[in-house]
Amino acid sequence: MSGVRVILDQDKCVGSGQCVMTAPEVFDQRDEDGIAVLLTTAPDTGQTDVVREAAALCPALAITVRE
Amino acid sequence: MTSDTVPAFPMARAAGCPFDPPPELHRLQDEAPLSRVRLWDGSTPWLVTRYAEQRSLLADPRLSADVTRPGYPFPAPGRPTGAQKLGFILMDDPEHARLRRMVTAPFAIKRVEALRPAVQKIVDDLIDDLLAGPKPVDLVEAFALPVPSLVICALLGVPYADHDLFQGHSRNLISRSVPADQRGASFRALHDYLDRLLAQKTADPGDDLLSQLVTRVQAGELERSDAAGIGVLLLVAGHETTANMIALGTLALLEHPDQLALLRDGDDPKLVAGAVEELLRYLNITHTGRRRVALDDIEIAGVTIRAGDGLILANDIGNRDPGTFTDPGTLDLTRDARRHVAFGFGVHQCLGQPLARLELQVVYSTLYRRIPTLRRAAALADIPFKHDGAVYGVYELPVTW
Ligand code: HEM
Ligand code: SF4
């Protein structure tokens, strides 16, 4: 079974930190402006649930999860 | 619907239910996701009561937070003019995003987490003072207000010694019962105060957020008055809200002793983090709704919102939507409440949320453990609630132990 793909739209991101709080192994924030960055676009299957949760929590609808 | 059948907003809470949204809001939510309400000035904006529609509309770029646009549902007389805007909270993208990004870095999760020991020390010292001082004591004055004020002062580079000045003006700014001219005067006083601090930081920069704003001004990226506006926004938002969550949260826990016991007798950071989310959901202190105006016609839930229509997205009742939260009227610190809209949703979602969470986690995991016999020192009916404020809470909370 392969995991999901994650796409992050940094132009939309408002630096809420919800994704970093929810899935810290997949998301981080840039030092200079707090905007989210992806640590991986293809997280382990063990991360699928938290990545989905992060996408649902993102207030800027900046995270897309592809099967 | 004629205007005299349209219910007035905001509505009153039921007597004896200080933690629950007004019954009328429950009724409107049961009936439909959107309805019309009447404001103080006779205008009839949309009231959005259900969670799903609130999230979808708050994330919709066709809604504007620009308070100067006609149709914006302002809560009281004395709508700010352009020059008076309270930072980027009342602006739209792209200008909103440009300014917000200038101050986002210090609120990043890891930067805020690094402040935990300092916040713990502030909380511990204040509890030492409480325990050494007289009782009963007003928890608002002695604890709930100082915690977030000390934290935001350190972060911004504002001298805490000026707390009477900025706390007083902040209170005026977010109260509906304060006359418009006095609210305006408080805004100008805060703006001038921040402007003076920016001048000091220009001469003598420090390692703080205001000094970073000075650098932006010097680089020509930011107007000096916008810098002061951002300073006002962060100072006001940074202490009033969290202070109310501390005091009202404590009162709610005292009224739900089984829930308080979970925090007092447990030692699990996960439980504490979850408890903070649930208290944010349950109390939803920003209780007069997010305010917006439509820029375009929007079809939603079978109705058409017209361009120029005002909207109030009542996140307090959204957080009690039975379609989203099981048994929403129950305070259950063990539930997963993370999807609440207590910090709003969309591009304006609270910038300070990591800091607010940290402060509340430290407070809720420390206060009741260190003062396990903490209790009210006044009847619930005698406690003055902030029914007239943009932010709900208690004016005073006499406690003893
Ligand atoms: C428990 C405490 C807090 C609550 C319940 C809260 C709630 C909110 C809400 C509901 C909004 C959205 C406004 C809207 O959509 O119209 C907001 C925005 C904001 N909050 Fe908080 N807040 C809290 C603490 C803080 C703290 C500690 C700070 C920090 C310094 C802060 C700074 C801000 C700022 C700057 C905005 C404007 C964001 C923007 O417009 O992009 N808040 N807050
Ligand atoms: S949750 Fe969304 S808005 Fe918040 S930091 Fe992550 S990507 Fe950005």
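Quick note: the coordinates plus some simple rules give every number you see, no bench work behind them. These figures come from a predicted structure and were not determined experimentally. A quick note on method: Cβ atoms are made from the backbone with ideal geometry, for glycine too, and the neighbour counts reach across all protein chains shown.
A few comments on the model shown:
- Under the convention that each Lys and Arg Cβ holds +1 and each Asp and Glu Cβ holds -1, the size of the dipole of chain B around its Cα centre is about 340 debye.
- Peptide A:49-58 - average C-beta neighbours from other chains (10 Å radius): 1
- Rounded to 5, percent antiparallel among DSSP beta bridges of the protein assembly as shown: 85 percent
- Burial ordering of A:V51, B:V48, B:V6, fewest other beta-carbon atoms within 10 Å first: B:V6, A:V51, B:V48
- Sorted by Cβ neighbour density within 10 Å, fewest at the top, the residues B:T44, B:T49, B:T202, B:T373: B:T373, B:T202, B:T44, B:T49
- Charge tally around B:G78: other residues with Cβ under 13 Å, Lys/Arg +1 each, Asp/Glu -1 each, net +2.
- Selected from A:G46, A:G15, A:G34 as most flexible by GNM, with chain A as the system and alpha-carbon contacts under 10 Å: A:G46
- Gaussian network model of chain A, springs between alpha carbon atoms under 10 Å - residue of A:D28, A:D49, A:D11 with greatest fluctuation: A:D11
- Residues B:Y392, B:Y160, B:Y368, ranked from the fewest to the most other C-beta atoms within 10 Å, line up as B:Y160, B:Y368, B:Y392.
- Helix-only [θ]222 nm of the protein assembly as shown, DSSP H runs n ≥ 4, -39500 (n - 2.57) each, per residue, nearest 500: -13000 deg cm²/dmol
- Efficiency of FRET from Cβ geometry, B:T5 and B:D296, R₀ 30 Å, rounded to 0.05: 0.60
- In Å, descending, principal axis extents of the Cα set of chain A: 36, 19, 17
- Where Cα atoms sit under 27 Å apart: lysine pairs in chain B separated by 8 or more or lying on different chains: 9
- When Rg and Dmax are taken over the Cα atoms of chain B, they come to 20.8, 60 Å.
- Largest mean-square fluctuation among B:A32, B:A114, B:A12, in a Gaussian network model of chain B whose springs join Cα atoms under 10 Å apart, belongs to B:A114.
- The range B:3-400: antiparallel DSSP beta bridges as a percent of all, rounded to 5: 80 percent
- Nearest-ten-degree value, helix A:48-57 long axis tilted from longest Cα axis of chain A: 30 degrees
- Cα centre as origin, Lys/Arg/Asp/Glu Cβ charges: the protein assembly as shown dipole, Debye: 440 debye
- Interatomic Cα distance distribution for the protein assembly as shown, bins of 10 angstrom, percent: 4, 20, 31, 29, 14, 2, 0
- Net charge of neighbours whose Cβ lies under 12 Å from the Cβ of B:E277, counting Lys and Arg as +1 and Asp and Glu as -1: +3
- Relative compactness, the range B:167-263, computed as alpha-carbon Rg over 2.2 N^0.38 Å: 1.43
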